[in-house]
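*Asks:* Quick one: this structure, given as structure tokens, is what I'll be asking you about.
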Amino acid sequence: MKKLSELLASTAVTQFITASDPMVGALQYDSRKVQEGDCFFAVRGTQSDGHNYIASAVKSGARAVVCQELPQLVEEGVSYVVVEDSNKAMADMAAAFYDYPSEELELVGVTGTNGKTTVATLLCDLFTMMGHKSGLISTVVYRIGEREIDSTHTTPDAIRLNAMLREMVDEGCDYCFMEVSSHSVVQDRIRGLRFAGGIFTNLTHDHLDYHGTFSEYIKAKRLFFDALPKKAFALTNIDDRNGEVMVQNTVAKVSRYSLRSMADYRCKVLEMLFDGMLLDVCDKEVWVQLLGRFNAYNLLAVYGTAMLLGKSSDEVLQAMSALRKVNGRFEPLRSESGITAIVDYAHTPDALENVIATINDIRREGQKLYVVCGCGGDRDSAKRPEMGRIASREADVAIFTSDNPRTEDPEKILDQMEEGKVQGSRTLRISDRAQAINTAVMLAQAGDIILVAGKGHETYQIVGREKLHFDDREELRRAFAELCSVIRSSISAFFFSIVFISETI
């Protein structure tokens, strides 16, 4: 617990109505979670306005309210703090409430369109292998040492973020690696955190439903680097055309990585197979278990970060060779009949193109590629024709299907994907995702490859406002089992007919 005045030490206040200096037991921005003695933040969001729930929060026991405008009814015994921006105030006060935990560990943020989850997760795994207790904040999972917590957002709200960082510090973590989404930057969720470094992976078409324009999306990403302190590092991918843009205003120490140009950290892919690839990293060879040029970039970002955090090259490369794939990122499954399926989170045009390019680098002549993909509803619709174009152009057979349609009509989403269909390509349209996966398995022959893209690690399908259980990997295993059963039945029937004919003769 802390006094309200302590929490407001670094917060700009425009109006303060209070009869006392109450002790604050917890911070809340959801009025339904407010308990006696809490401080409630009235935050204006895209779906609702927290100012409409101030009375409800007070009724539940809030003794302090932070808002951008006073409610009509000001309750006696409640402190009202008026600020210009409730999100900024919430971040400042959350950092103060949890005693500024980011200053007690090495916090590294990873931003970009693709690769954030992989880079952050591999860094956490790498530093754990090297003997450091580490934390992870990612799209897939939150980790505090060995303990895992279900992830709700790529970057959680400022209150939960500071609370988790405090838990990491209290449980002895030395490092924390976290994804920094563009949403979190513009919504001030990471405000007040002290970063030891920031990593830029790449920037492609995504989230324009929220940011409006690509320039605003770039600006949101760049703001993260603009805010890095002078003692921090900024590691950027200069093979991406926005790599230098990201760091043009930062005061942090800038380092660069590349697969194509001269840079502080360089890498070449020497050999690639289905079970891994051989890399030349800064003139040293290392065999890794991950695949694809996009993962070569991810691993190089991991290597560069470890170097900037003071680790030795040999120690890092040795640990890198033991790193395993991240769930739902180029995750292979194989059927008894010899079909290989790849499950990947690729949900942007660039990510889909990269995954397919990796498969094409490995597959042999005669192996057909089936691509099952869709586009999420209530999200950036401009990328849908492009996703359809890439899938239909690159696959022997492309199957367009649903991917979290949310409140949109799945058929309309598929209509937009088909607008990009390459003339003469072989495509199917099956809105039921389970049926689409099953169809791909039934069409494939031994040696063929199936890419199921878009959901990766997710174990749900959002239809309307309902979150239904759905796992691409489960559906593939089920389809493989059914195929195996059909094959066995066919073989049994064949041998039965041979025996029957021989006995008849």
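*Asks:* Mind checking region 138-231 for GluC sites (Glu not before Pro) that DSSP puts in a loop (not H, G, I, E or B) and that have at most 16 other Cβ atoms within 10 Å? Could you put the intermediate results ahead of the total?
*Replies:* Details: sites: E146, E148, E167, E171, E179, E216; in loops: E146, E171.
Of the GluC sites (Glu not before Pro), the ones in loops of region 138-231 whose Cβ has at most 16 other Cβ atoms within 10 Å are E146, E171.
*Asks:* Under the √(5λ) rule applied to the eigenvalues of the Cα gyration tensor, what semi-axes describe the equivalent ellipsoid of region 324-471? Give them in Å, descending.
*Replies:* Details: eigenvalues 102, 61, 38 Å².
Sorted largest first and rounded, they come to 23, 17, 14 Å.
*Asks:* Between S321 and R393, 0.36 nm times their residue separation minus their Cα-Cα distance comes to what?
*Replies:* On the way: separation 72, 0.36 × 72 = 25.92 nm, distance 3.44 nm.
Taking S321 through R393 to full extension adds about 22.5 nm, to one decimal.
*Asks:* Sticking with this one: Just to check, using Stokes-Einstein with a Kirkwood Rh over alpha carbon pairs, what's the diffusion coefficient of region 225-382 at 20 °C and 1.002 mPa s in µm²/s? Don't skip to the end; give the middle numbers.
*Replies:* Numbers: Rh = 17.5 Å.
Roughly 122 µm²/s, to the nearest whole number.
*Asks:* Looking only at the chain, where both bridge partners belong to it, what percent of the DSSP beta bridges are antiparallel (to the nearest 5)?
*Replies:* Details: 32 of 82 bridges.
Approximately 40 percent, going by the DSSP bridge assignments.
*Asks:* Can you tell me how much longer the chain between E76 and H183 gets when fully stretched, taken as 0.36 nm per residue apart minus their C-alpha distance, in nm with one decimal?
*Replies:* Between E76 and H183, full extension yields 34.9 nm more.
*Asks:* Please compute the Kirkwood hydrodynamic radius over region 83-238, one decimal place, Å, based on all pairs of different Cα atoms.
*Replies:* Details: mean 1/r = 0.0643 Å⁻¹.
Evaluated on region 83-238, it is 15.5 Å.
*Asks:* A further question follows. Please find the FRET efficiency linking C282 to L223, where r is the Cβ-Cβ separation and R0 is fixed at 22 Å, and quote it to the nearest 0.05. Mind showing how you got there, number by number?
*Replies:* Working: r = 31 Å, r/R0 = 1.39.
So, using R0 = 22 Å, E works out to roughly 0.10.
*Asks:* Right, something else. What is the percent carbon and sulfur in the accessible area of the chain, measuring with a 1.4 Å probe over the protein chains and ignoring ligands? Write out the running numbers ahead of the final one.
*Replies:* Values: 10590 of 22200 Å².
Looking at the chain in its full context, I get 48 percent from C and S.
*Asks:* Quickly estimate the mean residue ellipticity at 222 nm for the chain, helices only: each DSSP H run with n ≥ 4 gives -39500 (n - 2.57), and the total goes over all residues, rounded to 500. List each step's numbers first, then the result.
*Replies:* Values: 16 runs with 177 residues, N = 505.
For the chain, the value works out to -10500 deg cm²/dmol.
*Asks:* For Q35 and S10, calculate 0.36 nm times their separation in residues minus their Cα-Cα distance, and state this gained length in nm to one decimal. Let's see the in-between values first.
*Replies:* Working: separation 25, 0.36 × 25 = 9.00 nm, distance 2.50 nm.
Contour length minus the Cα-Cα distance gives 6.5 nm.
*Asks:* How big is the antiparallel share of DSSP beta bridges in region 233-311, given as a percent to the nearest 5? Present the calculation step by step, with values, prior to reporting the outcome.
*Replies:* Numbers: 11 of 18 bridges.
Roughly 60 percent of the beta bridges in region 233-311 run antiparallel, per DSSP.
*Asks:* If we restrict to alpha carbons, what Rg and Dmax does region 102-185 come to, in Å?
*Replies:* When restricted to the Cα atoms of region 102-185, Rg and Dmax are 11.4, 33 Å.
*Asks:* To continue, here is another question. So, for the chain, what is the accessible surface per residue at a probe of 1.4 Å, expressed in square angstrom? It would help to have the intermediate numbers written out before the result.
*Replies:* On the way: 22200 Å² over 505 residues.
About 44 Å² of surface per residue is accessible.
*Asks:* Among T152, A163, V186, pick out the residue whose Cα is farthest towards the positive end of the charge dipole of region 141-200, where Lys and Arg carry +1 and Asp and Glu carry -1 on C-beta, about the Cα centre.
*Replies:* Value: V186.
*Asks:* Something else: Helix check for the chain. Which DSSP H runs span at least 27 Å along their own axis by Cα, with a mean Kyte-Doolittle hydropathy no less than -0.5? Could you put the intermediate results ahead of the total?
*Replies:* Values: long enough: 472-504 (48 Å, 0.45).
Span-like helices here: 472-504.
*Asks:* In addition: What do you get for GluC sites (Glu not before Pro) in region 285-363 restricted to DSSP loop and a cutoff of at most 14 other Cβ within 10 Å of the site's Cβ? Mind dumping the intermediate values first?
*Replies:* Numbers: sites: E285, E315, E336, E353; in loops: E336.
Filter output for region 285-363: E336.
*Asks:* Run through region 329-423 and list the trypsin sites (Lys or Arg not before Pro) located in a DSSP loop whose Cβ has at most 11 other Cβ atoms within 10 Å.
*Replies:* Details: sites: R329, R334, R363, R364, K368, R379, K383, R389, R393, R406, K412, K421; in loops: R329, R363, R364, K368, R379, K383, K421.
When the trypsin sites (Lys or Arg not before Pro) of region 329-423 are filtered for loop state and at most 11 Cβ neighbours within 10 Å, R364 remain.
*Asks:* Please compute the modelled spin-label separation between Y460 and K412, points set 7 Å along Cα→Cβ, answer in nm with one decimal.
*Replies:* Once both label points are built, they end up 2.3 nm from each other.
*Asks:* Continuing with this model, one more query. Only residues of region 88-114 count here: report those whose backbone N is under 17 Å from the spot 7 Å along Cα→Cβ of H132, or say none.
*Replies:* Under 17 Å, as judged by backbone N against the label point of H132, lie 102-111 of region 88-114.
*Asks:* What residues of region 246-273 lie in the reach of a label at E103, counting those whose backbone N is under 20 Å from a point 7 Å from the Cα along Cα→Cβ?
*Replies:* Backbone N within reach: 252.
*Asks:* Starting from the Cα coordinates of the chain, work out the convex hull volume and express it per residue in Å³. Could the numbers behind the result be given before it?
*Replies:* Values: hull volume 90.9 nm³, N = 505.
Convex hull volume per residue, Cα atoms: 180 Å³.
*Asks:* I would also like to ask the following. Whole Å is fine, so just give me how far the alpha carbon centre of region 43-62 lies from that of region 109-155.
*Replies:* Going from one Cα centre to the other spans 32 Å.
The values are calculated or read from the model by the stated rules, or taken from the named source; none is laboratory data. For clarity, every value in this text was computed on a predicted model and none was experimentally measured. Glycine gets a Cβ as well: all are built from the backbone with ideal geometry, and neighbour counts include every protein chain shown. Surface areas here come from the heavy atoms of the whole protein model, side chains and all, with no ligands, DNA or RNA. Shrake-Rupley method; radii C 1.70, N 1.55, O 1.52, S 1.80 Å.
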